[in-house]
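What follows draws every value from the coordinates through simple rules; no lab data is involved. Just so it is clear, the model here is predicted, and its values are computed rather than measured. Heads up, the Cβs are rebuilt from the backbone with ideal geometry, glycines too, and the neighbour counts pull from every protein chain shown.
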Amino acid sequence: MSRFVDIKLRVNGEDVSATVPSRLNLVDFLRNDLCLTGSHVGCEHGVCGACTVIVDGDSVRGCLMLAAQANRADITTIEGLADNGQSDALQAAFTNRNALQCGFCTPGMLASALGYIDGGGTADRDAIRKHISGNYCRCTGYQSIVDAICDVIEEART
Amino acid sequence: MKAPDFDYLRPANLDAALAMLAEHDGNAVPLAGGQSLMPMMNFRVAAPEVLIDLADVAELRGITRNGDHVRIGAMTRYVQLSKDPIILADVPLIGMALPHIAHDAIRNRGTIGGSLALADPAAEMPALMLALDAAIEVVGANGTRLIKADNFFLSYFETVLEKDELITAVVIPTASNTQSFGFCELTQRHGDYALAGVAVSRTDAKYRIAFFGVADRAVRVAALEDTVGDDLEKALAHLDEIEFTDDGKANAATRQRLAGVALTRALEEMTS
Ligand SMILES: Cc1cc2nc3c(=O)[nH]c(=O)nc-3n(C[C@H](O)[C@H](O)[C@H](O)COP(=O)(O)OP(=O)(O)OC[C@H]3O[C@@H](n4cnc5c(N)ncnc54)[C@H](O)[C@@H]3O)c2cc1C
Ligand code: FES
Ligand code: FES
């Protein structure tokens, strides 16, 4: 019956159409069908944030959204954020501050952090910690990630 | 894990959605923001045969003020509530609670209707509806029902909602000048579900106080509400009436203590 769904969407500025299994989640569609492997898959129940992508301007868990639900949506992945320059300053700050080790959490962390920065967030360490509380990092201990986010906000001000 | 297979349906309006629910006779489940249903399916604790995506049902959207109450469509997302001028002005308690619900990425998808239908005992929204004396509007084959929040939640993940019914909206009395609100939630980490939390609304000297995260559902304690204005110490003794949850996160005695702490802090920081 409707175990397959036709979808049309925009991904990183390009039109995409596909027929997908109804049970396929968005992050698997991006990784396996479109070969956009920058978004990672960790817990698959919304807790770790590794799969975070931007849907119609908002950060969203790619593991908790069906590809079928993304019909007519405009999606930006970490590849898109890097290509259009949106994440340049933050990526440079992450490198400067050693804000990644294995890098598994980094694409989701960048997407979440950009939501904070672009939303007018200030260089308030507590507020930043609260904002990224939905993104797990098992390497850095978060200090350096908060440092990097503060750097970008402070640099933009000067 | 990945979700088991299911049929995906996307009705264009409310009538079509209700017809699909009725047709599949208990085997179809509505999909709102998916922020609880998808994890449950990925864990395989839920395996519906049919998912009915409510995304295109325009009747379930929108926030309106009609005289002395505010109506919030079931498919309104947390993020929309947090930016809506009507909510911020007329239902300030929702604005106070929202930052404590999960994280940005979850609030960008999760809906008020989904949270109420789910009835997680640790969720904020059911307690807010109790404190605000809200009513939940429900539509099914037998027409529309308006159910007081006090009568809506039964137990863990259980409400009076029938399988062929949908929540369409919640109806909340607008805040009056004489009303003030308090909210406090205690968690292990920001955004986690509450170990104990409380939502308070005071009209003149009358209190409505709803605890969450402490028992099988959000709860009010009449004797506590009646005494809290005069004697907090005495009021807290009435917490004994709650059958506190005892689980791996916190035992019943700890939860009872935390409920008292949450209430004390909420009362200290009431809006004026
Ligand atoms: C990491 C994480 C942390 C979270 N933390 C919190 C938290 O701190 N506090 C909190 O309250 N929640 C939390 N949540 C859950 C989140 O708030 C959910 O969004 C919410 O509980 C359900 O809303 P939804 O729109 O996503 O519903 P869905 O997941 O789509 O649906 C939930 C249930 O409601 C039913 N349903 C949905 N809409 C309707 C309707 N209109 N009529 C009838 N039935 C309907 C569905 O069939 C399903 O059974 C968290 C989730 C995650 C993944
Ligand atoms: S994989 Fe989506 S939140 Fe962990
Ligand atoms: S850098 Fe390894 S999980 Fe964050």
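Condition first: away from ligand 2 (no atom under 16 Å from the Cβ), touching a Leu at 6+ places or on another chain (Cβ under 6 Å) and touching a residue at least 60 places away in the same chain (Cβ under 8 Å). Can you find one or more residues in the range A:93-113 that meet it? No, the conditions are met nowhere in the range A:93-113.
When residues in the range A:108-125 are screened for being over 19 Å from A:Gly49 (Cα atoms) and within 11 Å of another protein chain (Cβ to nearest Cβ), 1 of them pass. The set of residues from the range B:135-150 being surrounded by fewer than 24 Cβ atoms within 10 Å (Cβ to Cβ) and either at positive phi or not in a strand (DSSP E or B) (or both) comprises B:Ala141, B:Asn142, B:Gly143, B:Asp150.
The single residue among A:Ala148, A:Ala123 that is out of contact with any Pro (no Cβ under 8 Å at 6 or more places or on another chain) and buried (at least 23 other Cβ atoms within 10 Å of the Cβ) turns out to be A:Ala148. When A:Ala73, A:Ala89 are screened for being in contact (Cβ under 8 Å) with a residue 40 or more places away in the chain and more than 30 Å from A:Phe4 (Cβ to Cβ), only A:Ala89 passes. For the range B:182-237, a residue qualifies if it is acidic (Asp, Glu), under 16 Å from the mean Cα position of the chain (by Cα) and surrounded by fewer than 20 Cβ atoms within 10 Å (Cβ to Cβ), and the qualifying residues are B:Asp192, B:Asp216.
Considering the range B:24-43, and only residues there that are within 16 Å of ligand 2 (Cβ to nearest atom) and surrounded by fewer than 20 Cβ atoms within 10 Å (Cβ to Cβ), the residue that is nearest to the other protein chains (Cβ to nearest Cβ) turns out to be B:Phe43. What tally of residues in the range B:238-247 results from selecting those that are assigned to a loop (DSSP other than H, G, I, E, B) and surrounded by 12 or more Cβ atoms within 10 Å (Cβ to Cβ)? Total satisfying the criteria: 4. The set of residues in the range A:50-68 being buried (at least 24 other Cβ atoms within 10 Å of the Cβ), of a type in the set (Gly, Ala, Ser) and more than 7 Å from chain B (Cβ to nearest Cβ) consists of A:Ala50, A:Gly62, A:Ala67. Screening the range A:139-148 for residues that are part of a helix (DSSP H, G or I) and more than 14 Å from chain B (Cβ to nearest Cβ) and picking the one that is nearest to ligand 2 (Cβ to nearest atom) gives A:Ile145.
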